[in-house]
1. Taking 0.36 nm per intervening residue step and subtracting the Cα-Cα distance, what contour gain separates I121 from I8 on full extension?
2. Show me the ranking of peptides 39-52, 141-154, 57-70 by mean Cβ neighbours inside 10 Å, starting with the highest.
3. Describe numerically, in nm with one decimal, the distance between label points set 7 Å from Cα along Cα→Cβ at E130 and at F111.
4. Pull out the extension gain between T150 and L138, defined as 0.36 nm times the separation in residues minus the alpha carbon to alpha carbon distance; nm, one decimal.
5. Find the relative contact order for segment 1-53 and round it to a whole percent, using C-alpha pairs within less than 8 Å whose residues are 6+ positions apart.
6. Sort segment 1-63 into rounded, prolate or oblate with this rule: let a ≥ b ≥ c be the square roots of the eigenvalues of the Cα gyration tensor; rounded if a/c is under 1.5, and if a/c is not under 1.5, prolate when a/b is larger than b/c, oblate otherwise.
7. Express in nm, to one decimal, how much length is gained between A165 and E47 on full extension, taking 0.36 nm for each residue of separation and deducting their alpha carbon distance.
8. Using mean Cβ contacts within 10 Å as the protection proxy, how do 20-27, 156-163, 108-115 order, highest first?
Amino acid sequence: MKEFLFNIITHYGYLGLFLSMALGIVGLPIPDETILAFSGFLVFQKELHLIPAMISAFAGSITGISISFILGRTLGIRILRKLKKWIHNYDSAIKKSHDYLEKYGGWIFIFGYFIPGIRHIVALVAGTTEIKYKKFALFAYIGALIWSSTFILLGFFLGKQWMKALEKIHGHIMLFSIILVALIVVIFLIRKFFWKKKTVEEPVNK
């Protein structure tokens, strides 16, 4: 798969990079960071130019993330409504999702690109809530610029060492993701059981 995508970028240049990013963000099994770093390596070899490569990657990323949001707003909401009778406390769950994204969405939309899997689903989830597209786009597009530029510059500055460095980075990202998920689970359990128990006990103590 990687070799095929490398050939696409090599032969079709900026268009290939744009399409790879758009389709990868939507959810196709495309190694996004690898493609970005490889494009940076092509800039290092002077087969591509830095600014057009960064613009192509950014444009592809925001195209993909926008399509995912639209899919969430149309198909996602329809699916959720059909599943409404099977979802416990449907209205409350939707409201909590909306409130959570309103409060923390900016950070999630910006830095979610760097966490495996998150960038592929966060826009779909955002689309199913009442969050406005303008707010989503503001942070998601900033995130796309930071993310795509980071890995292109990584490939450019590291040159022939880009692949080894990327493997190490992926290892650290995966470890960080596992730790983050574990922390989220712990916080959820504390809020669900400890705080709930404390709230129930307080009136009794009075």
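Coordinate-derived values only; no laboratory data. What you see is a predicted model, and the numbers here were worked out from it, not measured in a lab. Counting neighbours? That spans all protein chains shown, and the Cβs are built from the backbone with ideal geometry, glycine included.
1. This chain segment gains 38.1 nm when fully extended.
2. Top to bottom by mean Cβ count within 10 Å: 57-70, 141-154, 39-52.
3. 2.8 nm
4. Values: separation 12, 0.36 × 12 = 4.32 nm, distance 1.86 nm.
My answer for the length gained is 2.5 nm.
5. 32 percent
6. Details: a/c = 1.90, a/b = 1.26, b/c = 1.51.
Since a/c reaches 1.5 but b/c is at least a/b, the shape of segment 1-63 is classed as oblate.
7. Net length gain for the segment: 40.4 nm.
8. So the order, starting with the most tightly packed, is 20-27, 108-115, 156-163.
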